[in-house]
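Before any comments, here is the structure.
The values are calculated or read from the model by the stated rules, or taken from the named source; none is laboratory data. Bear in mind that the values here come from a model prediction, so they are computed numbers and not experimental data. Reconstructed Cβ throughout: ideal geometry from the backbone, glycine too, with neighbour counts over all protein chains shown. With ligands, DNA and RNA removed, areas are computed over all heavy atoms of the protein, side chains included. Shrake-Rupley method; radii C 1.70, N 1.55, O 1.52, S 1.80 Å.
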Amino acid sequence: RVYKVVAGKRIQLATKEEVSAPAGKWHKISIRMKGDAITCSLNGKDTIEVKDDTFPKAGKIGLWTKADAQTAFDGLVAAPLGEE
């Protein structure tokens, strides 16, 4: 799922229910935002594409896990995209 938070309110932008990420294994999650286009990939496969222009120059990210999920993140990299 892709969410944004505006004034403390979480708003879902997109979801894809049929994505499988088995527990107990490492997975690679990639998110790319160019302009208002957001593309999310899981293990190298694009899974969600959505458009949103709420924060065009914010330059921040957030990670969130639902409820009592136990999640570990390793090798987090956030970098601006080069000009294409």
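Being without any contact (Cβ under 8 Å) to a residue 40 or more places away in the chain and open to solvent by 80 Å² or more (accessible area, probe 1.4 Å) is a property that residue 61 has.
Condition check for residue 6 on (1) touching a residue at least 24 places away in the same chain (Cβ under 8 Å); (2) open to solvent by 80 Å² or more (accessible area, probe 1.4 Å): one failure, at (2). Restricting 53, 46, 74, 68 to those that are of a type outside the set (Ser, Thr, Tyr), open to solvent by 60 Å² or more (accessible area, probe 1.4 Å) and in contact with an Asp or Glu (Cβ under 7 Å, 6 or more places away or on another chain) reduces the list to 53.
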